[in-house]
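Working notes for the structure below.
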Amino acid sequence: MLEPINVSLASLNVTTLAPMLIAIIGALTILCIDLIKGGLHKSLYVMISLLFLLVDLGVVVDFGNVFIENGPVTGMFDMMLIDGLAIMGQVIIVGGSMLFIPLALTSKRFHEYNYPEYFALFLFMIAGFQFMVATDNLILIFVGLETASLALYALIALHNRSKSFEAAVKYFTMGALAAGFFAFGSMILYAITGSIEINQIGSVLAADHYANIGYVLVAVSFMLAAFGFKLSMVPFHTWTPDVYEGSSAALAGYMSIVPKIAGFIVAMRLFEFLVHSGVVWLQVILYITVVVTMTASNIWAMVQTDVKRMLAYSSISHAGFVMAAILIGTTQANTALFLYWALFSFTNLGAFAMLWVSRQKNLLAGQSSDHPFEKFSGLIKTMPMAAIMMGLFMLSLAGIPPFGLFWGKIYIIASAVTGGYTVLALIMALNSALAAYYYLKLIVFMFMKEPVVGYEKFYLVNASLSLKTIIGIAAIGTIFAVVAVNPLLKIITLFVYNSGY
Amino acid sequence: MFEVVAFYLFAALTIAMFTITVMTSQALYALTAMAAGMIFISAFFFMLGADFLGVVQIIVYTGAVMALYAFGMMFFDTTRTMVEKRENPRTIFILGVLAATLVVFIFISPIISTHLETQYPLEAASGNSQAIGMILFTKFLVPFEVAAVMLLVAMIAGIVLAGKKMDKSLTLMAEEEIALMGANEAKPDSQEGAH
Amino acid sequence: MEIYLYIALFAPLTGSLFAALFAASPKTSVTGIVASGLLFTSFVSSVILLNYVMAGHTVHVEMMTWIASGDLYIPFGFVVDQVSVVMMMVVSIVSTIVHIYSIGYMDHDKGFNRFFSYLSAFVFSMMVLVMSDNFLGLFIGWEGVGLCSWLLIGFWYHKESATWAANEAFIMNRIADLAMLIGIFIIYWNIGSLQYDVVFSQIANLPMPIITWIGIFLFIGAMGKSAQFPLHTWLADAMEGPTPVSALIHAATMVTAGVYLVVRANPIYDLIPEVGTVIASLGAFVAMFAATMALVNRDMKRIIAYSTLSQLGYMFVAAGLGAYWVALFHLMAHAFFKALLFLGAGNVMHAMHDELDPFKMGGLKKPMKWTWILMTLASVALAGIYPLAGFFSKDLILEVAFVEQHYILYSVLLATAGLTAFYSFRLVALIFHGDERHLEHGIHPHEAYNFMLYAMAPLGVLAVIAGMVFKTPYYEMVTHLLPAIEYHIHNHTTFWIMTIGTQLFVIAAIAYAYKKYAKAVKVDAKVESGFLYQLLYNQYYIPKLYDELFSKPYRELSKLAWKQIDLKIVDATVDGIANVIYRTGEKTHTMQNGNLSSMLRWMVIGLVVLLVLAIAFTVGYNAVTMRAM
Amino acid sequence: MEITLAHYLVLSSVLFAIGLIGVMRRKNLLMLFFATEILLNATNIGFAAIAHFHNDLTGQMFAFFIIAIAASEVAVGLGLLIVMYKRTGKIDLDIMTSMRG
């Protein structure tokens, strides 16, 4: 018979589970409230979600303080790993979610917000992402990823129109294929190292001096395909524009930020030690992927006729840009990744929120999609404030100083130069010049064209005070990023460096 | 010797069953072939000493998943022959075969490693299920609980998506219609008053 | 003193924000007055700072730290030294005048408030550009002025051509900015700082090729902003914007930012005289090239724009030859009289209801006496007649070329001086003298508002005295920072022959222009057909002979330069590249055909490609290690 | 002759390739989901085999969780299909091309 195992509770560090547990408890609370008394207004659920997320964020920040003093913490039989990456990832995840959830308080009614389950699934999804970033065990990464993804598919479909089903089914099917890739990749890694913990995989591989190089490369191929899907790298990106178009603009903005930062963190854990240990192949492949992703998506973005699809391609391009940081792999580059993504969250969420407030329920005659460029033409005349906001977000996305993303871009390019990737830096700079074209196209439409009759009644039709507040927060974040860049960098560098990346 | 024969027999059977699953135009054949394939896979698990896994495989797949799919087939009325438009069937096979060949090419070379460490050894003294239970509720407690959450999420998602409330789309309805509908539904059933 | 620095810098921003408050509301003169008032404060602060700097001090503040992490440290600092204070004076004087002028000029425009918001924002960006104490701040100002210029060129967005011109300007500038950004990165990479003082003290330690690359990349940036060949096409098209914008941005301030950059980076360019020679040669070429295009053009504003281009060429010649203080001096003098010329052209445009063809004007001398006087004054200054500003700055550049023994550059510049005089006065003659051809079109011109003329007056005064009065104190002040090289032709005879010769040449060109274009066209037909008259009218057919022999081929050449080289080759290349990119997008985005099956197939293709590469690498790797064993 | 780990891995990758072919080939979404099940099952064989040959339980655990994931995917996938079927009366993926470009 097996001996009973005695484990002291203190050695478990159960508190490492606290942030995720809060989100899960929040979700269960919402489900229970609905059981007790149905038909409550959505604003109650928004407030409950916000409350739990706030507590969640507080706990994560508290972990941040602990981290600064004691360094990384492990818990639950080394299953949980709370290091700087996990903490910063969770801050962005929870913070981004807090910006997103009030977007439910629209003045028009949409199908998904009638379900209390929507908010429960949302909180479950956040818990899933949090598990994904706060571990280096491939099983927990996989389970967390699937929890989050399954919830996300449902959130997309709940928007309830034919395009959102199409989007959800496409995303789901491709996600199932990517899950297969992930499982197969993990299997090969397990075969050659006997472990499914990333740091152990790394040390076994190093101890073997990469003797099974063929196995490693095949495993990395599968992993790249799986994360290429999650991070929308070309050619695994094909779902992105369709899914963004099919889901509500708010959710599309959310998808361009939060799931990706979770993906980036896992990619960072998984690929960086390989990049550093001189797997030349991986460097070359990542290089090609980054360049192709940035350039191709920029070119495709140029020919879009719908603003939302244009923004979808643009976020692919931004993801490619940030992926370069993983290729470069220095502390400076990893710091830049977090800085970029924090700044990108504000700007991109703002841009998508602007689409969300001008959402109309039914298309006009001759209108091919929800947000054609014509919808925004002459906006400066009909809604000057909205036009200025949108223009601001576009300028920031284009990387025009002194707005938010300029600092992210310049810092990543600088890290490329100091990391010895001069040509890459050049390509990145060239791409951000290329990207300016399509962002300006929207500005040209807004500032330099005559309004198209028929659309004016949709501007801000969906805006409520809370949506305007969110846009205001996003705008403030974008404009005053100048002031925040320096303190942010200091903190991020501290976290990244002390986590050993 | 028994092991060799069993391996090749079950390998051939599994490959045959799964080939039928992906090639046949009859949904019913595909479903039954897949169920058979799953059971043959559980045979591998027993051969490999993973008794618990074998049992789970049979219960979850043939018990739960197949039942769900069978229900789906009835609901979607896909029992007759499926007509599927084919585009570039050759490309598909080339891609599939290429993927397999490439991976196999690597897999036939032996794994060279002197640093493999067994973290959770199989103990001959105790049965597989006990060992699994032991490790599942210590090391893998957190993933286990998260898996539970995942199943809950899947359940909620499935129920909500397949539910009756999805029949009408508030997203596409004008505000007045929604108000009208809410007024009608509020009277008979206050539970549905959310509209 | 720091407080004055902040006032000079932030007063325009305040003005811009104030005007932006009213952006959507109907026109209120308050915005214009407040914005102008704030700019005047900025000007006064600049004067106080000038006084302070003249006494031999400089002001250097570090407002805050932008980025400080690891090895990247970029403080947000400003400096007022001998060079930047000159630019500050130019910017604040011209912009104050242009603001006041615009109150009148934009009187009837619906976007009045918006205009002032943009214009003041431009001045702020320009101030950031010139006052920054590091390359990053300079770059931010650089992008800022580009953005404001884009907004202002496209101000009348309902005109298709304006939108197009704005985009052209912006995109061309972005291309050049990219090069500049790369130059800045190379500096940062090699030196580890972007502060001017640190960079300039350490630049000499770098290997030569790197310095050369830095010089080249920074200069490409300068080429874009200063519209040097082959990135020059946007400047003439930028004339679609309101005329005050052309005066401020496309004559006096933004386009000279390139010259400022080269002057500011003089310790770098001093180390690479070869690059300097290239810059000077390109400058001379552009000077000539632009002047020839100005000869045949029939659009008033474009003529002045080409003239600006030509004068920028002069500045680059001086900067390229190491005569940085001369370049900066010409920049200053040019800003005054060119802005004046543009504002005068604005008056004419208003009077003529936006007619731009000088051949449809004529005889405006009478109704628009003051505009006539001011524009003539500006043209005389531009032509470089003693004792006006142009003489002191432009002839100095000729002397520089002569002293440095670049005789080819010298001859090109001399010839260009003649052309400059000719086309300037061709314009003046066509507009203000001769028949009142505009009457046929039923236009009755009127003089501009008085306050607009008063606003222009200081520029007139400056155009007259800037050279004579400012030269000595300017030289003494600015050579604290820039290499103090005096350019004197030691042989007195040569000096006098050259000076007087140049003057005579220029005067002859002016006279010729007047003769050719200021005459009344309407004459008695009988006399007209007479042989003697014909002979006289055609100046003994010598001009015609010249015309046939030299001018015509030359004019053809000029036309060719404008139409063929400029429009066909340069423009077409730029358009072509854009088209190729666009078409690639059109062709390949069918990859996204919306079908799930092909999406899944793309994923598998991606995986298979990765696997193929992985196997190929493994096989190659094993082969190599085998051989090694 | 002896059955080695390589045998199992080859079998696993062959089954995975069959799954891939199915994923690319199927137009009927229900049948397409069958193919994704095959992908995961192929991996499970690999995990169980590695666990056996390394004498380590972790692989079995991974396979166990993969089964759980596969089951949850079925639930959500069928939910999506039901909504889609109610709307369009079809579960053929060729009808989903309203978004492109």
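Which of (1) within 14 Å of another protein chain (Cβ to nearest Cβ); (2) open to solvent by 30 Å² or more (accessible area, probe 1.4 Å) is the odd one out, the single condition A:Asp62 does not satisfy?
(1)
Are any residues in segment A:346-403 modelled with pLDDT of 90 or more and polar (S, T, N, Q), and if so, which ones?
A:Thr347, A:Asn348, A:Ser396
What helices (runs of 4 or more DSSP H), lying completely within segment A:235-281, carry at least 3 residues that are of a type in the set (Gly, Ala, Ser), within 25 Å of A:Leu339 (Cβ to Cβ) and at pLDDT 90 or above? So that I can check it myself, show each step before the final result.
On the way: elements: A:239-246, A:249-255, A:258-276.
Filter on segment A:235-281 gives A:249-255, A:258-276.
Given the options A:Met79, A:Met125, name the one that is open to solvent by less than 40 Å² (accessible area, probe 1.4 Å), closer than 17 Å to B:Val146 by Cα and under 20 Å from the mean Cα position of the chain (by Cα).
Of the residues listed, the single one that is open to solvent by less than 40 Å² (accessible area, probe 1.4 Å), closer than 17 Å to B:Val146 by Cα and under 20 Å from the mean Cα position of the chain (by Cα) is A:Met125.
Inside segment A:360-391, can you point out the residues that are open to solvent by 20 Å² or more (accessible area, probe 1.4 Å), aliphatic (A, V, I, L, M) and touching a residue at least 60 places away in the same chain (Cβ under 8 Å)?
Matches in segment A:360-391: A:Leu364, A:Ile380, A:Met383, A:Met389.
Of the residues that sit in segment C:156-177 and are free of Cβ contacts under 8 Å to residues at least 60 places away in the same chain and more than 9 Å from every other protein chain (Cβ to nearest Cβ), which one is farthest from C:Val145 (Cα to Cα)?
C:Glu160
Restricting to segment B:65-108, name every residue that is assigned to a loop (DSSP other than H, G, I, E, B), more than 8 Å from chain D (Cβ to nearest Cβ) and over 23 Å from B:Leu28 (Cβ atoms).
Selection gives B:Glu87, B:Asn88.
If C:Lys338 satisfies every condition in (1) within 13 Å of the chain's Cα centre (by Cα); (2) not in a helix (DSSP H, G or I) but one, which is the exception?
The one condition C:Lys338 does not meet is (2).
Being in a loop (DSSP other than H, G, I, E, B) and closer than 28 Å to D:Met96 by Cα, is that true of even one residue in segment B:40-51?
no
Taking into account only those residues within segment C:178-198 that are open to solvent by less than 20 Å² (accessible area, probe 1.4 Å), in a helix (DSSP H, G or I) and more than 8 Å from chain A (Cβ to nearest Cβ), which is modelled with the lowest pLDDT? Before you say what the answer is, go through the steps one by one.
If we filter segment C:178-198 for residues that are open to solvent by less than 20 Å² (accessible area, probe 1.4 Å), which is where we start, we get C:179-180, C:183-184, C:187-188, C:193-194, C:196.
With the extra rule that they be in a helix (DSSP H, G or I), the set shrinks to C:179-180, C:183-184, C:187-188, C:196.
Filter again for more than 8 Å from chain A (Cβ to nearest Cβ), leaving C:179-180, C:183-184, C:187, C:196.
Details: C:Ala179: 84, C:Met180: 87, C:Gly183: 88, C:Ile184: 87, C:Ile187: 87, C:Tyr196: 88.
This residue is C:Ala179.
When segment C:349-400 is examined, which residues are found to be among the charged types (D, E, K, R) and open to solvent by 10 Å² or more (accessible area, probe 1.4 Å)?
C:Asp354, C:Glu355, C:Asp357, C:Lys360, C:Lys365, C:Lys366, C:Lys369, C:Asp395, C:Glu399
Based on this model, can you work out whether B:Met166 counts as at pLDDT 75 or above, under 20 Å from D:Gln60 (Cβ atoms) and surrounded by 19 or more Cβ atoms within 10 Å (Cβ to Cβ)? Outline the logic, then answer.
Working: at pLDDT 75 or above: yes; under 20 Å from D:Gln60 (Cβ atoms): no; surrounded by 19 or more Cβ atoms within 10 Å (Cβ to Cβ): yes.
Considered against the rule, which asks whether it is at pLDDT 75 or above, under 20 Å from D:Gln60 (Cβ atoms) and surrounded by 19 or more Cβ atoms within 10 Å (Cβ to Cβ), B:Met166 comes out as no.
Taking only segment A:282-306 into account, find how many residues are free of Cβ contacts under 8 Å to residues at least 60 places away in the same chain and not in a helix (DSSP H, G or I).
Counting residues in segment A:282-306 that are free of Cβ contacts under 8 Å to residues at least 60 places away in the same chain and not in a helix (DSSP H, G or I) gives 1.
Residue-wise test of (1) hydrophobic (A, V, I, L, M, F, W, C); (2) surrounded by fewer than 18 Cβ atoms within 10 Å (Cβ to Cβ); (3) without any contact (Cβ under 8 Å) to a residue 12 or more places away in the chain; (4) outside any helix (DSSP H, G or I).
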| residue | (1), (2), (3), (4) |
| --- | --- |
| C:Leu419 | yes, no, no, no |
| C:Leu430 | yes, no, no, no |
| C:Pro445 | no, no, no, yes |
| C:Val469 | yes, yes, yes, no |
| C:Tyr475 | no, yes, no, no |
| C:Leu482 | yes, no, no, yes |
| C:Tyr487 | no, no, no, yes |
| C:Gln503 | no, yes, no, no |
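Does segment C:209-228 contain at least one residue that is surrounded by fewer than 23 Cβ atoms within 10 Å (Cβ to Cβ) and assigned to a loop (DSSP other than H, G, I, E, B)?
no
Any chance you could count how many residues in segment A:174-211 are free of Cβ contacts under 8 Å to residues at least 40 places away in the same chain, open to solvent by 10 Å² or more (accessible area, probe 1.4 Å) and not in a helix (DSSP H, G or I)?
The number of residues fulfilling the criteria is 3.
In segment D:34-48, how many are crowded, with 24+ Cβ neighbours inside 10 Å and facing chain A (nearest Cβ under 7 Å)?
Count: 5.
Only one of B:Val22, B:Val60 is facing chain D (nearest Cβ under 10 Å), open to solvent by 20 Å² or more (accessible area, probe 1.4 Å) and under 19 Å from the mean Cα position of the chain (by Cα); which?
Residue meeting the stated conditions: B:Val60.
Can you tell me which of A:Ile156, A:Ile198, A:Ile188, A:Ile192 is out of contact with any Lys or Arg (no Cβ under 8 Å at 6 or more places or on another chain), more than 7 Å from every other protein chain (Cβ to nearest Cβ), over 25 Å from A:Phe122 (Cα atoms) and among the aliphatic types (A, V, I, L, M)?
Just one listed residue meets the conditions, A:Ile188.
Anything in segment D:63-93 that is open to solvent by less than 40 Å² (accessible area, probe 1.4 Å) and over 21 Å from the mean Cα position of the chain (by Cα)? List them, or say none.
D:Val83, D:Met84, listed by residue number.
Identify all residues within segment A:160-173 that are surrounded by fewer than 24 Cβ atoms within 10 Å (Cβ to Cβ) and assigned to a helix (DSSP H, G or I); write none if there are none.
Correct list: A:Ser162, A:Lys163.
Against the conditions (1) of a type outside the set (A, V, I, L, M); (2) over 26 Å from A:Asp370 (Cβ atoms); (3) more than 22 Å from the chain's Cα centre (by Cα), where does D:Thr97 fall short? Just the number, please.
The number of the failed condition is (2).
Looking at segment D:49-62 only, could you name the residues that are open to solvent by less than 10 Å² (accessible area, probe 1.4 Å) and either touching a residue at least 24 places away in the same chain (Cβ under 8 Å) or more than 18 Å from the chain's Cα centre (by Cα) (or both)?
Once the filter is applied, which keeps residues that are open to solvent by less than 10 Å² (accessible area, probe 1.4 Å) and either touching a residue at least 24 places away in the same chain (Cβ under 8 Å) or more than 18 Å from the chain's Cα centre (by Cα) (or both), segment D:49-62 yields D:Ala49, D:Ile50, D:Ala51, D:Asp56, D:Leu57, D:Thr58.
Under the condition of being modelled with pLDDT of 90 or more and of a type outside the set (D, E, K, R), which residue from segment A:31-42 is surrounded by the fewest Cβ atoms within 10 Å (Cβ to Cβ)?
Across segment A:31-42, the extreme among qualifying residues is A:Ile36.
Given (1) within 14 Å of chain B (Cβ to nearest Cβ); (2) crowded, with 18+ Cβ neighbours inside 10 Å; (3) assigned to a helix (DSSP H, G or I), where does A:Ser49 come up short, assuming only one miss?
Among (1) within 14 Å of chain B (Cβ to nearest Cβ); (2) crowded, with 18+ Cβ neighbours inside 10 Å; (3) assigned to a helix (DSSP H, G or I), A:Ser49 violates only (1).
Taking the residues in segment A:294-327 that are of a type in the set (Val, Ile, Thr) and open to solvent by less than 10 Å² (accessible area, probe 1.4 Å) as candidates, determine which candidate is nearest to A:Met446 (Cα to Cα).
My answer is A:Val307.
Within segment C:594-627, track down each residue that is open to solvent by less than 60 Å² (accessible area, probe 1.4 Å), of a type outside the set (A, V, I, L, M, F, W, C) and either over 22 Å from A:Trp300 (Cα atoms) or within 11 Å of chain D (Cβ to nearest Cβ) (or both).
Answer for segment C:594-627, where residues must be open to solvent by less than 60 Å² (accessible area, probe 1.4 Å), of a type outside the set (A, V, I, L, M, F, W, C) and either over 22 Å from A:Trp300 (Cα atoms) or within 11 Å of chain D (Cβ to nearest Cβ) (or both): C:Gly594, C:Asn595, C:Ser597, C:Ser598, C:Arg601, C:Thr618, C:Gly620, C:Thr625.
The values are calculated or read from the model by the stated rules, or taken from the named source; none is laboratory data. Not measured: the values here are computed from a predicted model. Neighbour counts run over all protein chains shown; Cβ positions are idealised from the backbone, glycine included. Surface areas here come from the heavy atoms of the whole protein model, side chains and all, with no ligands, DNA or RNA. Shrake-Rupley method; radii C 1.70, N 1.55, O 1.52, S 1.80 Å.
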